[in-house]
């Protein structure tokens with residue numbers, strides 16, 4: 001029997017109890033999680049970052065809230081384990097530099113063994129795979145995106161995931177198992193340090209079978225087989241409407257002060273971004 005919180009989480013995912021662990025059920029669970037639980041940093045932007053205790057993350061997801069990798073993969077791992085899956089957490093690192101720099105701890109990655117096979121399972125990249133990838137070298141196409149898996153050249157027993165079209169084209173994962181305690185210090189830095197990208201830029205992402213929706217600041221982007229389309233959200237009603245309708249974020253926890261504070265912060269960052277882009281040299 002799984003906990004009431006996990007039952008509520010499954011209900012939010014729109015998934016009935018999937019029964020005994022299987023690759024088919026694992027795939028369905030990851031798809032549902034990516035479609036229903038957004039990657040987002042609302043509470044970090046508001047100065048009240050949620051902790052990364054998996055039980056807290058599970059309750060947040062059941063209530064229609066999201067998080068970033070430590071929340072998303074931490075909570076998803078807890079659900080999978082409650083359902084009987086063999087889950088391993090790994091210290092990992094996401095990198096803007098295509099050369100990568102090892103598993104520096106700014107990401108939590110998962111592997112799952114089921115049916116005698118190992119799978120790379122990640123619900124915390126935002127624009128990552130819609131379905132698990134086999135833990136074997138190869139190139140894998142999912143919708144309009146192409147991914148690649150290779151054994152890590154720097155992390156013993158680890159893997160390197162390539163997403164060449166994404167803002168972080170490389171994720172390097174250590175082979176050794178980790179616990180949530182291994183991510184506590186980095187979570188504190190990412191959620192509170194003045195130079196953290198999670199404090200500097202608002203972000204929400206949601207993956208589906210056809211593509212990915214991205215809200216950075218006030219720019220809403222859709223990337224799919226048709227290409228890349230974007231538009232600027234110019235009013236609080238548009239912006240909060242997108243959070244609710246496109247990303248499925250329950251906004252009931254935000255009062256009028258929260259909404260005004262968040263909109264002001266996002267708008268201020270948007271104007272600074274526009275000014276920097278206008279000042280940048282061209283040609």
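In table form, for the structure just shown:
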read-out: Selection within the range 207-227 - under 17 Å from the mean Cα position of the chain (by Cα), without any contact (Cβ under 8 Å) to a residue 60 or more places away in the chain and surrounded by fewer than 16 Cβ atoms within 10 Å (Cβ to Cβ); value: 221
read-out: Any hit, the range 58-66, residues being in contact with a strand residue (DSSP E or B) (Cβ under 6 Å, 6 or more places away or on another chain), in contact (Cβ under 8 Å) with a residue 40 or more places away in the chain and under 22 Å from residue 253 (Cα atoms); value: yes
read-out: Subset of the range 191-206 (residues that are assigned to a helix (DSSP H, G or I), more than 15 Å from the chain's Cα centre (by Cα) and modelled with pLDDT under 95); value: 199, 200
read-out: Qualifying residues in the range 34-57 (those that are in contact with a strand residue (DSSP E or B) (Cβ under 7 Å, 6 or more places away or on another chain) and farther than 18 Å from residue 7 by Cα) - the one surrounded by the most Cβ atoms within 10 Å (Cβ to Cβ); value: 38
read-out: Residue satisfying condition, being in a loop (DSSP other than H, G, I, E, B), in contact with a strand residue (DSSP E or B) (Cβ under 9 Å, 6 or more places away or on another chain), modelled with pLDDT of 95 or more and surrounded by fewer than 20 Cβ atoms within 10 Å (Cβ to Cβ), within set 21, 98; value: 21
read-out: Residue in the range 272-282 that is in a helix (DSSP H, G or I) and under 23 Å from the mean Cα position of the chain (by Cα) present; value: no
read-out: Residue 110, sole failed condition from (1) free of Cβ contacts under 8 Å to residues at least 60 places away in the same chain; (2) touching a helix residue (DSSP H, G or I) at 6+ places or on another chain (Cβ under 9 Å); (3) part of a loop (DSSP other than H, G, I, E, B); value: (3)
read-out: Residue match in the range 223-244 (condition: in contact with a strand residue (DSSP E or B) (Cβ under 7 Å, 6 or more places away or on another chain) and under 23 Å from residue 109 (Cα atoms)); value: no
read-out: Where a residue in the range 81-94 is on the phi < 0 side of the Ramachandran plot and in a helix (DSSP H, G or I) and its partner, wherever it lies, is surrounded by fewer than 20 Cβ atoms within 10 Å (Cβ to Cβ) and modelled with pLDDT under 95, with Cβ under 6 Å and at least six apart; value: 82/2
read-out: Residues satisfying the stated conditions in the range 26-42, i.e. touching a residue at least 24 places away in the same chain (Cβ under 8 Å) and either in a helix (DSSP H, G or I) or more than 16 Å from residue 246 (Cα to Cα) (or both); value: 26, 27, 29, 30, 31, 33, 34, 35, 36, 42
read-out: Whichever residue in the range 119-141 is more than 12 Å from the chain's Cα centre (by Cα) and touching a residue at least 60 places away in the same chain (Cβ under 8 Å) and, among such residues, is nearest to residue 84 (Cα to Cα); value: 119
read-out: Matching residues, the range 158-204, being buried (at least 21 other Cβ atoms within 10 Å of the Cβ), under 17 Å from residue 121 (Cβ atoms) and in contact with a helix residue (DSSP H, G or I) (Cβ under 9 Å, 6 or more places away or on another chain); value: 183
read-out: Every residue from the range 233-259 that is crowded, with 18+ Cβ neighbours inside 10 Å, out of contact with any helix residue (DSSP H, G or I) (no Cβ under 7 Å at 6 or more places or on another chain) and not in a loop (DSSP other than H, G, I, E, B); value: 242, 243
read-out: Residue count, the range 101-118 (criterion: over 17 Å from residue 174 (Cβ atoms) and either buried (at least 19 other Cβ atoms within 10 Å of the Cβ) or under 17 Å from the mean Cα position of the chain (by Cα) (or both)); value: 1
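The values are calculated or read from the model by the stated rules, or taken from the named source; none is laboratory data. As the structure is a computational prediction, the values presented were derived from the model and not from experiment. FYI the Cβ positions are ideal-geometry reconstructions off the backbone, even for glycines, and counts take in every protein chain you see.
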